[in-house]
Amino acid sequence: MYDHFALERSDRIATLTLNRPEKRNPINEEMLAEFETLLGEIRDDAGVRALVITGAGPSFCAGADLSVFRDVADPVERRRLFAEARARRIRVIARTFSMLEHLEQPTIAAVNGPAVGGGWGLALACDFHLAVPGARYWFPEVDLGVPLSLGSSARLFGMVGTARAKRIILTCSRHDAQELYDWGTIHRIVEPDALLDAAHELARELLAKSPRAVTAAKLTVNTLSAVAAREASQFDASLFLHRGEGPVA
């Protein structure tokens, strides 16, 4: 029994639901600890061959739990406290999302509403991404006085490229599901009452294939994506050096 999630297993598919609907499923330290434990349980369960992740209520995930800062009126102080809290959990977030990204089982984000900050980062760490028409996405980190995590930045860059990634991250701009579908980061837009059925249908399609081949193909694509991102970063650096410029301190 878990406090922040609901887990169901059926026909070799695990469905993991973020289950704090009264607060829009925000992420806190306790939720991260449970998530890491659950991912380990799913990873080691030979009877689970696909994972679907969704949210309870009208939101997928509201990102970091900011309720503890609600009574802090001064915006500068609020940003300082948020930065301190984020520094405590950043390694756990990175480890947990990396664990999700590298699960042997294919993973499907069924985004049923707003996916903000870490909520969008969670969806980016999944192999497939389905969303309802009303889903909205944004990264508010810069407005809160902190940079977006390296993992989410790299995954976003790999999907949308440098220019769009900078626009999304630096301006904290908001985007709807249709726009992200047009950019190729969402695989399918589905009406709310059909979202989970569509996610399970995709999972069953993957179950019909060789699990060893699916896992190997996923590893190959993840590796190639990481290599491409690293090479792109090195190429950008070499351009600065070729022009006689150094990195900005």
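The values are calculated or read from the model by the stated rules, or taken from the named source; none is laboratory data. A quick note: this is a predicted structure, and the numbers were derived from the prediction, not measured. Positions of Cβ are backbone-derived with ideal geometry, glycine not excepted, and every protein chain shown enters the neighbour counts.
If ALA85 passes every condition in (1) surrounded by 13 or more Cβ atoms within 10 Å (Cβ to Cβ); (2) modelled with pLDDT of 85 or more; (3) not in a loop (DSSP other than H, G, I, E, B) but one, which one does it miss? Status for ALA85: all satisfied but (2). Name the single residue that is nearest to HIS102 (Cα to Cα) among those in region 186-215 being of a type in the set (A, V, I, L, M) and surrounded by fewer than 12 Cβ atoms within 10 Å (Cβ to Cβ). Restricting to residues being of a type in the set (A, V, I, L, M) and surrounded by fewer than 12 Cβ atoms within 10 Å (Cβ to Cβ), the top hit is ALA213. Of the residues making up region 60-97, those that are polar (S, T, N, Q) and touching a residue at least 60 places away in the same chain (Cβ under 8 Å) number 1.
When the criteria are applied in full, ILE53 meets the requirement of being under 23 Å from ALA203 (Cβ atoms), of a type in the set (A, V, I, L, M) and part of a strand (DSSP E or B). Only one of the numbered conditions (1) in the same structural domain as LEU124 (by TED's automatic domain parsing); (2) out of contact with any Leu (no Cβ under 6 Å at 6 or more places or on another chain); (3) under 25 Å from VAL52 (Cβ atoms); (4) modelled with pLDDT of 95 or more is violated by LYS218, and that is (1). Just one of (1) over 14 Å from the mean Cα position of the chain (by Cα); (2) closer than 25 Å to GLU22 by Cβ fails for ILE189. It is (2). The sole residue among GLU84, GLU41 that is within 24 Å of PRO140 (Cβ to Cβ), assigned by TED's automatic domain parsing to the domain that holds ASP143 and out of contact with any helix residue (DSSP H, G or I) (no Cβ under 9 Å at 6 or more places or on another chain) is GLU84.
In region 165-181, the residues that are basic (Lys, Arg) form Cβ pairs under 7 Å with partners that are exposed (fewer than 14 other Cβ atoms within 10 Å of the Cβ), at six or more places apart or across chains, as follows: ARG167/SER173. Looking only at residues of region 8-28 that are β-branched (Val, Ile, Thr) and either modelled with pLDDT of 95 or more or not assigned by TED's automatic domain parsing to the domain that holds LEU39 (or both), we find that the one that is nearest to the chain's Cα centre (by Cα) is THR17. At least 1 residues being under 14 Å from the mean Cα position of the chain (by Cα) and surrounded by fewer than 19 Cβ atoms within 10 Å (Cβ to Cβ) is the threshold, and among the helices (runs of 4 or more DSSP H) wholly inside region 97-185 those reaching it are 150-160.
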